[in-house]
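S.K.: This is the structure I want to talk about, given as structure tokens.
The values are calculated or read from the model by the stated rules, or taken from the named source; none is laboratory data. Keep in mind it's a predicted model, so treat the numbers as computed, not measured. For neighbour counting, all protein chains shown are included, and Cβ atoms are generated from backbone atoms with ideal geometry for every residue, glycine included.
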Amino acid sequence: MTTPPALILENVRLAWQGADAPLISIKAQVGDKLLVLGSNGCGKTTLAETICGYLQAANGTVGRSSRLGYVAQQPKLPVTISVESYFGQLVSLCADSVVNDAQQCMNLFGLTPYAKRKIGDLSRGWQQRINLAQAWLGDPRLIILDEPQTALDPDGMTSLRNVIADSNACVLIFSPPQTGCETLVDTHINYSELC
């Protein structure tokens, strides 16, 4: 039995792009690791949000796995609860058949020592690790990471690199050039050239 692609973009044009903008077509399988590089303002976040279904494409077809993990470029976390309470709330939203162990996801990014701490008491780097860990919680087939390197120290980047390498999901990373994300994957798309 053939596994369906994790992501298919066919002749997609983003809502704000003019009619002369190049069309975007990507086909990615579960297990693929892709990096979309582009300068600030070129539409990387818009493309990520279009793939996730938050925005509508101007034209073309967007198909993706319903088992999606997503890290927004500027995520909002509840600052008054503990890390473990947050993961407990997230687990309660997942169907039992498609949830990874919350403790295991926290371990992936070294969060276990901070489980009892309030999220608002943690540094921006540790909050980014929470964002990253929650993306793996729902046993996703597709993971969208919008500038995941933000606020990560070298140890955090090493954790991210290892988790991506070990992941069975299709991982699609959106990043500006020369941020270190080039070391996370083998396949690059220079999105600035498409804008």
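S.K.: So Ser92 clears everything in (1) surrounded by 12 or more Cβ atoms within 10 Å (Cβ to Cβ); (2) assigned to a helix (DSSP H, G or I) except one condition, right? Which one?
M.R.: Among (1) surrounded by 12 or more Cβ atoms within 10 Å (Cβ to Cβ); (2) assigned to a helix (DSSP H, G or I), Ser92 violates only (1).
Table: residues versus (1) exposed (fewer than 15 other Cβ atoms within 10 Å of the Cβ); (2) at pLDDT below 90; (3) among the small types (Gly, Ala, Ser).
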position	(1), (2), (3)
Gln127	no, no, no
Asn131	no, no, no
Ile143	no, no, no
Thr150	no, yes, no
Pro154	yes, no, no
Ser159	no, no, yes
Asn168	yes, no, no
Ile173	no, no, no
Pro177	yes, yes, no
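S.K.: Okay, moving on. Would you point out which residue out of Gly63, Gly110 is surrounded by 14 or more Cβ atoms within 10 Å (Cβ to Cβ) and either within 18 Å of the chain's Cα centre (by Cα) or closer than 24 Å to Thr150 by Cβ (or both)? Show your work before the answer.
M.R.: On the way: Gly63 fails: surrounded by 14 or more Cβ atoms within 10 Å (Cβ to Cβ).
Among Gly63, Gly110, only Gly110 is surrounded by 14 or more Cβ atoms within 10 Å (Cβ to Cβ) and either within 18 Å of the chain's Cα centre (by Cα) or closer than 24 Å to Thr150 by Cβ (or both).
S.K.: Which one of the conditions (1) crowded, with 18+ Cβ neighbours inside 10 Å; (2) touching a helix residue (DSSP H, G or I) at 6+ places or on another chain (Cβ under 6 Å) does Gln73 fail to meet, given that it meets all the rest?
M.R.: The number of the failed condition is (1).
S.K.: Restricting the range 20-43 to residues that are at pLDDT 90 or above and not hydrophobic (A, V, I, L, M, F, W, C), which is nearest to Glu10 (Cα to Cα)?
M.R.: Ser25
S.K.: Tell me, which residue of the range 43-58 that is among the polar types (S, T, N, Q) and part of a helix (DSSP H, G or I) is surrounded by the most Cβ atoms within 10 Å (Cβ to Cβ)? Even if it seems obvious, please write down each step before you answer.
M.R.: Initial filter on the range 43-58 (among the polar types (S, T, N, Q)): 45-46, 50, 56.
If we keep only those that are part of a helix (DSSP H, G or I) too, we end up with 45-46, 50.
Values: Thr45: 19, Thr46: 19, Thr50: 22.
It comes out as Thr50.
S.K.: How many residues does the range 130-163 hold that are over 17 Å from Leu7 (Cα atoms) and aliphatic (A, V, I, L, M)?
M.R.: 9
S.K.: Collect the residues in the range 26-60 that are among the small types (Gly, Ala, Ser) and either more than 19 Å from Val171 (Cα to Cα) or free of Cβ contacts under 8 Å to residues at least 24 places away in the same chain (or both), keeping them in residue-number order. Give the derivation first.
M.R.: Restricting attention to the range 26-60, the residues satisfying the condition of being among the small types (Gly, Ala, Ser) are 28, 31, 38-39, 41, 43, 48, 53, 57-58, 60.
The answer is Ser39, Gly41, Gly53, Ala57, Ala58, Gly60.
S.K.: Please tell me if Gln17 is surrounded by 14 or more Cβ atoms within 10 Å (Cβ to Cβ), part of a loop (DSSP other than H, G, I, E, B) and within 13 Å of the chain's Cα centre (by Cα).
M.R.: no
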